[in-house]
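Below is one structure, written out as structure tokens; the observations come after it.
The values are calculated or read from the model by the stated rules, or taken from the named source; none is laboratory data. Remember, it's a predicted structure, so these values are computed and weren't measured experimentally. Glycine also receives a Cβ, built like all others from the backbone with ideal geometry; neighbour counts cover every protein chain displayed.
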Amino acid sequence: MQARSIRKSAYQGRYEIRGTKINYWDDTGFTADGEFIEGVLHHGGMLFYREGK
């Protein structure tokens, strides 16, 4: 769960995956994107791995 600002819980939103690209939208209008490369999500200069790998 992610919380930003003074909110106690994560924002609600949706995501869409097309090929290797992922786009996110939340209820405040925030948007983000990323790309899956060899099973690793590249987002904002960070790498995200599945748990247990």
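Contact map, the range 26-42: residues that are at negative phi paired with residues that are assigned to a strand (DSSP E or B) and hydroxyl-bearing (Ser, Thr, Tyr), Cβ distance under 6 Å, separation 6+ or inter-chain. Pairs shown: Ala32/Tyr24. Residues in the range 23-41 that are of a type in the set (Asp, Glu) and either more than 24 Å from Glu51 (Cβ to Cβ) or surrounded by fewer than 10 Cβ atoms within 10 Å (Cβ to Cβ) (or both): Asp27, Glu38. Restricting attention to the range 24-53, the residues that are acidic (Asp, Glu), at pLDDT below 95 and assigned to a strand (DSSP E or B) total 1. Just one of (1) loosely packed, with under 10 Cβ neighbours inside 10 Å; (2) at pLDDT below 95; (3) out of contact with any strand residue (DSSP E or B) (no Cβ under 8 Å at 6 or more places or on another chain) fails for Arg7. It is (1).
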